[in-house]
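What follows is a set of notes on a single structure, which appears directly below.
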Amino acid sequence: MKIIISAFGTRGDVQPAVVLAIEAQKKNHDATLVISKGMEDLPIRYGIPFHVYQGDSAKEQFGKLGGSLKAGGEILKRVKEHMIVQAHELPEICNNADVLLGNCLDPFASSVAEYCDIPFIRIALTPIFGGENRPTTIPVQSMPRWGNKMMWNMGIFMWEFMFKPPINKSRKMLDLIPVKNYNMYIQSSPSILCLDEKLAPSAPQWPANVTYSGYPFLNSKVEIPEDLRLFLEQGKRPIYIGFGSMGSDNPITVTRIILEAVEKAGFRAIINKGWANLGGVEVNKNIFEIDNIPHDVLFEYVSGVIHHGGAGTTHTVAKAGCPQLVIPHITDQFYYGESVFQNELGPKPIPFNKMNVQRLTEGMVKLNQPKFKKAAKLFAENVRDDGALNTIIAIENYVKSCSAR
């Protein structure tokens with residue numbers, strides 16, 4: 001098959017797409033990525049063919065969201081802009097393709113597939129359908145089932161208002177008829193949840209065309225740098241602290257909160273710079289600063305992980321058998337923070353905009369509790385590592401079924 005994977009977004013969106021492309025190549029398929037500007041390093045490193053969407057880089061689009069109240073509006077703005085870009089660029093890229101894959105930031109991709117008369121499959125890294133399960137896009141994560149249903153229904157109403165007009169504007173560019181109902185438009189395409197079902201449980205109200213495959217983990221196969229290896233050998237296992245693609249308006253203040261909390265808790269720590277630009281201030285011998293060392297390699301050397309709660313990081317920590325403390329910034333990070341807590345993989349999450357020295361220190365101390373370490377190790381034993389293969393098999397089967405019709 002000729003597979004096109006639209007991976008609009010940050011590293012957390014591109015890396016799973018790269019893993020799927022690698023798995024597709026193993027099965028003799030032709031897989032090509034379409035990614036946001038600034039994300040070229042991953043497909044280049046693994047030899048995956050790719051195209052780059054025009055417009056701002058991923059860091060310009062998403063790197064300053066932080067934990068601000070404006071984040072949701074900024075994401076909506078960027079998704080709307082991306083629909084127009086896709087309408088101009090993606091149809092030509094999909095020429096002679098057998099299937100188009102898109103992610104949850106990509107609601108217009110299925111319209112492009114419709115225009116090109118090819119199957120479309122959504123690759124979801126968070127649950128996108130409602131019912132009695134927890135809502136995935138809001139901070140409130142401890143409601144009764146009726147409250148969850150109410151919030152999902154409110155979300156459906158808001159998405160209809162926010163997404164249907166720009167989708168129809170871009171569909172007009174392709175001479176496609178307007179979408180009448182946004183929720184039906186999304187549910188009409190099959191979705192593969194590349195997730196662990198314990199971290200992201202299903203609900204009986206979901207459409208029948210939603211399936212789980214497991215998370216597509218990257219096998220980086222890189223060595224730990226020598227200076228980091230020396231740091232690891234000089235004392236007890238450190239904790240890892242990093243917020244990935246989440247930005248910060250005041251990185252120095254955030255860094256100092258982290259450093260003071262580490263000192264108060266009595267830990268050694270590895271601090272990842274990330275898009276928040278952490279670090280860069282005076283540190284002591286118990287702190288090691290890094291940038292872009294693959295998580296799957298690094299997490300086997302740490303005693304715990306403090307992170308933003310992205311789907312990829314949450315699953316990778318779970319696979320490594322480490323306890324984790326989530327500092328959610330936006331959208332589904334609150335969902336994964338609660339998932340970590342409910343599965344006893346770590347203490348209750350601390351929202352980024354409420355993080356201070358006292359709360360972070362207390363969270364670090366709790367992270368080291370034996371109950372979380374034990375639960376994390378047990379959980380890791382059941383994390384499936386065949387998510388990429390399962391996803392490609394599901395794609396093959398769906399495309400075959402479409403051809404047989």
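A viscosity of 1.306 mPa s and a temperature of 10 °C, combined with the Kirkwood radius over Cα pairs in Stokes-Einstein, give a translational diffusion coefficient for segment 216-335 of 109 µm²/s. About its Cα centre, the chain has a charge dipole of approximately 1020 debye under the convention of +1 per Lys or Arg Cβ and -1 per Asp or Glu Cβ, with nothing else charged. Per-residue packing, averaged as other Cβ atoms within 10 Å, sorts the ranges 10-23, 112-125 into the order 10-23, 112-125, beginning with the highest. Panel values: segment 9-156, Kirkwood radius from alpha carbon pairs, Stokes-Einstein at 37 °C and 0.692 mPa s, translational diffusion coefficient 194 µm²/s.
In segment 27-184, the portion of solvent-accessible area held by carbon and sulfur atoms comes to 58 percent [1.4 Å probe, whole percent, DNA, RNA and ligands not counted].
Entry note, the chain: relative contact order of 16 percent, from Cα contacts under 8 Å with a spacing of 6+ residues. Ranked by the mean number of other Cβ atoms within 10 Å of their residues, highest first, the peptides 191-203, 80-92 come out as 191-203, 80-92. With the Kirkwood sum run over all distinct C-alpha pairs, the chain has a hydrodynamic radius of 21.8 Å. Per residue, the chain reaches -14000 deg cm²/dmol at 222 nm when only DSSP H runs of four or more residues are counted, each adding -39500 (n - 2.57). Remark: segment 259-405 carries 44 Å² of accessible area per residue (probe radius 1.4 Å; ligands, DNA and RNA excluded).
Over 25 Å apart at the Cα level, from the set K80/K348; K221/K319; K77/K169; K319/K366; K285/K348; K149/K400, are K80/K348; K285/K348; K149/K400.
Relative to the current alpha-carbon distance between N219 and N368, full extension at 0.36 nm per residue lengthens the span by 50.9 nm.
Need the C-alpha centroid separation for segment 336-358 versus segment 239-287, integer Å. What the calculation gives is 17 Å, centre to centre.
The values are calculated or read from the model by the stated rules, or taken from the named source; none is laboratory data. Just so it is clear, the model here is predicted, and its values are computed rather than measured. Methodologically, a virtual Cβ is constructed for each residue, glycine included, from the backbone with ideal geometry; neighbour enumeration extends over all protein chains shown. We work out accessible area using only protein heavy atoms, side chains counted, and drop any ligands, DNA or RNA first. Shrake-Rupley method; radii C 1.70, N 1.55, O 1.52, S 1.80 Å.
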